[in-house]
Amino acid sequence: MKSNLLKKALAFGLAGALTMGLLTGCGGGSNGSDDSNAPKTEAKAGDGDGKHLNFGCYVYSTSYDPAEYQNAAWDAMRCGITECLFKFKDDLTVDYSLCDKYEVSDDKKTWTFHIRDGVQFSNGNDCNAQAVADSLNRLYTVCATDKKSSTPETYLKMESITADADANTVTIVTKESYADITSILCFPFYAIIDVEGDTTDAEHDYTADSTSVISTGPYVIESADETTKCSELVKNEHYWNGEVPYDSVSVIFIEDDSTKASALKTGDIDLTENVTTASDLEELSNNDDFYVSKTPGMRSGFAYVNFNGILGKNEALRQAIFKAVDGQTLCDVTVGGMYTYGPAVLPSTLSYDYESLKNDFEYDVEGAKKLLDDAGIKDSDGDGFRELDGEKITLQYITYTNRCLSDFAEAIQISLSEIGIDVNVTNTDSDTEWNMMQAGEYDLCDSNWTTVGTGEPSAFLKNWYGGDKGSEFYVNSQGTNYCWYENDEYDELYDQYMASTDTDERADLVIKMEQILIDDCAVLVHGYYNSTFLSNVSKVTGADIHTVDYYWLSNEIAPK
């Protein structure tokens, strides 16, 4: 039986008190506000003349430049600023966007894309083949020469990118054969931006203001405050794909989930994303004044296990920890169904034969204690915590307050105390946690990843690949093995996967890699995240969350 202490922890997500915060730096209340400091736009927040949206969300970046780092690329696309050549549908098939047709060579190394005629950037410049080629060349050049943390080379190894102005086509020659690069080109890294005027020499050594990116999406950056992470957007008057519903949008940074919910209820915002406090979500779902859109998505929440630390060096300790965590209850109760439990790194909704996977480390507290006892990991001084080699075991668990990750960490902390393992939880921001993870300053490190961001999981599964450890690319690229996990069989399967262009073979290899990670207790999976969008039904229509969460502020979302 669980102790009363553990029961309290497991109910944590259902009992969160409403945390009120000041919404500063952007926009204002929906009923009007003092706009003396508002950006000088044709339609300011609260001026009553134009159609305006107040969008409260967690902002991951102070940049919108897709070459800067991954969060910047994502935020730009989520805010409706940037677009790619292709776009995912909700079933993860690929649809055309700035490209309207393409051809591929027999060896699957030469890809020729016709750029949709008549598309303009938000500044009125033509988004033609040369502009697209310049944008993609700039991405690769800046990331390689300026050591930005965006890593397009992780997904697509380019040999050359050239434009044919007469045919309005862009030809991409890759260093390797790829089964399909259209899905890769959906990833926000590959957003097309206008770099005209930013070229400083013939080698495309570009400079760009990361907060004034020009692209083809329905909205344009009017101003961006790097201190408050708030932005003012206005309508793209040159948008190519239908009517832009709002004249202006205030993107308002709100970190706390309960504050998002409260701001929606009071009318300070009209739309928000990913309220994960179960009590708030339940209240809003049961209130006809609000619309809650929910989808399983393609995200996994999990904790990295640092194999350079105590958990990597002691298998019995690692296995006992996995057995001590009741993942099903954490998903169903602690976070109120915001996650669907599963022990595998890829969501059960994806087509990788999830049912064939076996987990030998299911929840079993007594079994966890026996593993520790048999390994001689015992509490010898009677303080309630076990020692290893004469030293009290205290695990360093780093997390951040987003998508329920800190809720998982705090509940796991109490779960492990049940078997005599002390855990120190550090709750920080996502950037600080990322830096600590890269430095290896953790035993457990929370994360929430889009697992098939390019339509397949190669970048995600690279988190546990050790085959190129020590190379400059390996050390500095995102999606690399910052948990220092090593398994030769896993690496061999990963290499086979990357070399294969056969769909069935690749799926079988993925299943085998997932099973190895389960068998090795290589990653403590929390579950599979269910994304949400929440809106005021009297003000907003069309606010449905997409399976692929690159797409938030689309022109589907409109005033009521």
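Residues are listed down the side, and each one gets a yes or a no for (1) assigned to a loop (DSSP other than H, G, I, E, B); (2) exposed (fewer than 14 other Cβ atoms within 10 Å of the Cβ); (3) at pLDDT 90 or above:
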| site | (1), (2), (3) |
| --- | --- |
| Gly455 | yes, no, no |
| Leu461 | no, no, yes |
| Gly470 | yes, yes, no |
| Gly479 | yes, no, no |
| Tyr482 | yes, no, no |
| Leu493 | no, no, yes |
| Glu505 | no, yes, yes |
| Glu514 | no, no, yes |
| Ile518 | no, no, yes |
Complete set of residues in the stretch 349-362 that are out of contact with any Ser or Thr (no Cβ under 7 Å at 6 or more places or on another chain) and either surrounded by fewer than 19 Cβ atoms within 10 Å (Cβ to Cβ) or of a type in the set (A, V, I, L, M, F, W, C) (or both): Thr349, Leu350, Ser351, Asp353, Glu355, Ser356, Leu357, Lys358, Asn359, Asp360, Phe361, Glu362
Contacts under 7 angstrom Cβ, first residue in the stretch 44-62 being surrounded by fewer than 23 Cβ atoms within 10 Å (Cβ to Cβ) and at pLDDT below 75, partner of a type in the set (Asp, Glu) and not in a strand (DSSP E or B), 6 or more apart: Gly46/Asp35; Asp47/Asp35
Checklist (1) under 22 Å from Thr450 (Cα atoms); (2) out of contact with any Cys (no Cβ under 8 Å at 6 or more places or on another chain) applied to Glu282, failing item: (1)
Number of positions in the stretch 520-546 that are surrounded by 19 or more Cβ atoms within 10 Å (Cβ to Cβ) and within 24 Å of the chain's Cα centre (by Cα): 18
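Here is a yes/no grid of residues against (1) over 24 Å from the mean Cα position of the chain (by Cα); (2) open to solvent by 20 Å² or more (accessible area, probe 1.4 Å); (3) at pLDDT 95 or above; (4) farther than 30 Å from Leu92 by Cβ:
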{"site": "Ile172", "(1), (2), (3), (4)": "yes, no, yes, no"}
{"site": "Thr182", "(1), (2), (3), (4)": "no, no, yes, no"}
{"site": "Glu196", "(1), (2), (3), (4)": "yes, yes, no, yes"}
{"site": "Thr199", "(1), (2), (3), (4)": "yes, yes, no, yes"}
{"site": "Ala202", "(1), (2), (3), (4)": "yes, yes, no, yes"}
{"site": "Asp209", "(1), (2), (3), (4)": "no, yes, no, yes"}
{"site": "Pro218", "(1), (2), (3), (4)": "no, no, yes, no"}
{"site": "Glu222", "(1), (2), (3), (4)": "yes, yes, no, yes"}
{"site": "Glu243", "(1), (2), (3), (4)": "yes, yes, yes, no"}
Failed item, numbered, when Thr266 is tested on (1) under 23 Å from Ser447 (Cα atoms); (2) of a type in the set (Ser, Thr, Tyr); (3) at pLDDT 95 or above; (4) surrounded by fewer than 21 Cβ atoms within 10 Å (Cβ to Cβ): (1)
Segments classed as strands (runs of 3 or more DSSP E), wholly inside the stretch 69-135, with at least 2 members that are under 27 Å from Gly56 (Cβ atoms): 86-88
Count - residues of the stretch 115-149 that are of a type outside the set (D, E, K, R) and surrounded by fewer than 18 Cβ atoms within 10 Å (Cβ to Cβ): 9
Scan of the stretch 150-163 for residues that are at pLDDT 90 or above and either open to solvent by less than 30 Å² (accessible area, probe 1.4 Å) or β-branched (Val, Ile, Thr) (or both), ordered by number: Leu156, Met158, Ile161, Thr162
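Going by what's in this entry, would Ala261 be described as in contact with an Asp or Glu (Cβ under 7 Å, 6 or more places away or on another chain), farther than 30 Å from Gln120 by Cβ and either open to solvent by 10 Å² or more (accessible area, probe 1.4 Å) or in a helix (DSSP H, G or I) (or both)? Break it down stepwise before answering.
Numbers: in contact with an Asp or Glu (Cβ under 7 Å, 6 or more places away or on another chain): yes; farther than 30 Å from Gln120 by Cβ: yes; either open to solvent by 10 Å² or more (accessible area, probe 1.4 Å) or in a helix (DSSP H, G or I) (or both): yes.
When the stated conditions are applied, Ala261 passes them.
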Residues located in the stretch 435-447, provided they are of a type in the set (D, E, K, R) and surrounded by fewer than 16 Cβ atoms within 10 Å (Cβ to Cβ): Glu441
Which listed residue, of Thr432, Thr450, is of a type in the set (Val, Ile, Thr), surrounded by 18 or more Cβ atoms within 10 Å (Cβ to Cβ) and modelled with pLDDT under 95: Thr450
Residue pairs meeting the criteria (Cβ under 6 Å; at least 6 apart or on separate chains; first under 21 Å from Ser105 (Cα atoms) and touching a residue at least 12 places away in the same chain (Cβ under 8 Å), in the stretch 495-518; second among the hydroxyl-bearing types (Ser, Thr, Tyr) and open to solvent by 40 Å² or more (accessible area, probe 1.4 Å)): Thr501/Ser177
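The values are calculated or read from the model by the stated rules, or taken from the named source; none is laboratory data. Quick caveat, the model's predicted, so the values are computed rather than measured. Neighbour counts are summed over all protein chains in view; Cβ atoms, including those assigned to glycine, are modelled from backbone coordinates with ideal geometry. For accessibility, only protein heavy atoms count, side chains too; no ligands or nucleic acids. Shrake-Rupley method; radii C 1.70, N 1.55, O 1.52, S 1.80 Å.
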